[in-house]
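The values are calculated or read from the model by the stated rules, or taken from the named source; none is laboratory data. Please read all numbers here as calculations on a predicted model, not as lab measurements. Every residue, glycine as well, gets a Cβ built from its backbone with ideal geometry; the counts of neighbours run over all protein chains shown.
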Amino acid sequence: MPRAAIQVVGELGLHCSSRISSAGLLACLVIGCVGRPIISDEPRMPVSQSNADPGESAQVTSLLDTPLMPRPPGADREPLQAKLAYARRDLAGDPHNLERLIWVGRRLGYLWRMNEAVDVYSQGIRLYPTHAALYRHRGHRYISLRQFDLAVDDLTRATELIRGRPDEIEPDGMPNARNIPLTTTGFNVWYHLGLAYYLQGDFERALHAYRETMKHRRGHDDNLVAVADWTYMTLRRLGRDDEAAVLLEPISADMDIIENHAYHRRLLMYKGELSPDDLLGDSASPLDLATQGYGVGNWYLYNGQTERAVEIFRRTVSGPYWPAFGYIASEVELMRLRPALPVSEPAHGQQETRK
């Protein structure tokens, strides 16, 4: 399998991941100069104006050779399509408006139309090649498409573009219960770069990226637990168990968590205050699997219970939430473990229902 697919190798988790990140404060997205766009010499890629669900057109083939379809669960699809149509009308009124272009890309991503989202961000980069937000969002969608090398390239470029500039709050696509945007462009650039490295199996670089992410925490416990969870898993993969244990010291059951409850509960599991079954019992729903499956399976894996880990990873990828970071990471683990697994594997990719 090519290195771009794997190097040994939603709203889900923090930013499906992660969390579906509101239509306010759009100007806060942009890093770099504003004003007239910079037009490059590259041919312009047209931005598709279709609001229709592409239906049977697979977005990508999973690392396990399953076609992944743009089918978010039906309850959310209609409002998401209405918001995409609104975003497209907004952009049509000002086709060079960077903020409006970014929102079209984001709305496409929420509908799991990842290739179209990448096309939109690519057009934006042709117009505004020095704006970090475009590389941050395209890098995120390259992760969704299992193109980890391209994600690293974009997100690394974004780190260069934000260097020395004031950080900016990133508005949410779906506000949380307190209507508080939690993250910044800097946080999301480094967070997604850490994930891309992690999925490649480059744990040293992932650790560096997560430590940089923590500098953009802004005091929110939600951000602390999201980064601590991935950092903990990274340290365990590096065999640095003592450092991983120290990371858990500030984690407590009474933290002020607004939305990242899955990460918080996993950290409490790592501390021994919750059991794996508290997070993911036999009756776990597909959504439970998407938000908790990988963390629980990974915990079994680095505690020597490989068969149980494989069972959890397989259950996770049998669900419909394929854009979730945990789903993607479960694919990666099954690829890493494949030489040691039985030849027959259960079917996965039941994509009729939902990130």
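Can you find a residue in segment 160-173 that is farther than 20 Å from Glu212 by Cα and out of contact with any Leu (no Cβ under 7 Å at 6 or more places or on another chain)? Within segment 160-173 (the criterion being farther than 20 Å from Glu212 by Cα and out of contact with any Leu (no Cβ under 7 Å at 6 or more places or on another chain)), the answer is yes, since at least one residue qualifies. Of everything in segment 272-282 that is surrounded by fewer than 16 Cβ atoms within 10 Å (Cβ to Cβ) and of a type outside the set (D, E, K, R), the residue that is farthest from Ala253 (Cα to Cα) is Gly281.
Could you please let me know if His208 is assigned by TED's automatic domain parsing to the domain that holds Gly139 and under 16 Å from the mean Cα position of the chain (by Cα)? In short, no. Of the helices (runs of 4 or more DSSP H) lying entirely inside segment 90-159, those containing at least 2 residues that are acidic (Asp, Glu) are 114-127. Restrict the check to segment 305-323 and report whether at least one residue is in a helix (DSSP H, G or I), surrounded by fewer than 22 Cβ atoms within 10 Å (Cβ to Cβ) and under 17 Å from the mean Cα position of the chain (by Cα). Within segment 305-323 (the criterion being in a helix (DSSP H, G or I), surrounded by fewer than 22 Cβ atoms within 10 Å (Cβ to Cβ) and under 17 Å from the mean Cα position of the chain (by Cα)), the answer is no, since none of the residues qualifies. Checked against the criterion of being surrounded by fewer than 15 Cβ atoms within 10 Å (Cβ to Cβ) and either aliphatic (A, V, I, L, M) or within 12 Å of Arg141 (Cβ to Cβ) (or both), the candidates Ala117, Ala87, Ala82 yield just one match: Ala82. For segment 129-157, filtering for residues that are among the hydroxyl-bearing types (Ser, Thr, Tyr) and either within 14 Å of the chain's Cα centre (by Cα) or buried (at least 24 other Cβ atoms within 10 Å of the Cβ) (or both) leaves 3.
Within segment 160-177, one or more residues are out of contact with any helix residue (DSSP H, G or I) (no Cβ under 9 Å at 6 or more places or on another chain) and among the aliphatic types (A, V, I, L, M). Restricting segment 283-296 to residues that are small (Gly, Ala, Ser) and either within 20 Å of Ser144 (Cα to Cα) or surrounded by fewer than 20 Cβ atoms within 10 Å (Cβ to Cβ) (or both), which is modelled with the lowest pLDDT? Residue satisfying both the conditions and the ranking: Ser283. When the helices (runs of 4 or more DSSP H) confined to segment 160-264 are screened for residues that are buried (at least 24 other Cβ atoms within 10 Å of the Cβ), those reaching at least 1 such residues are found at 185-200, 203-214, 221-237.
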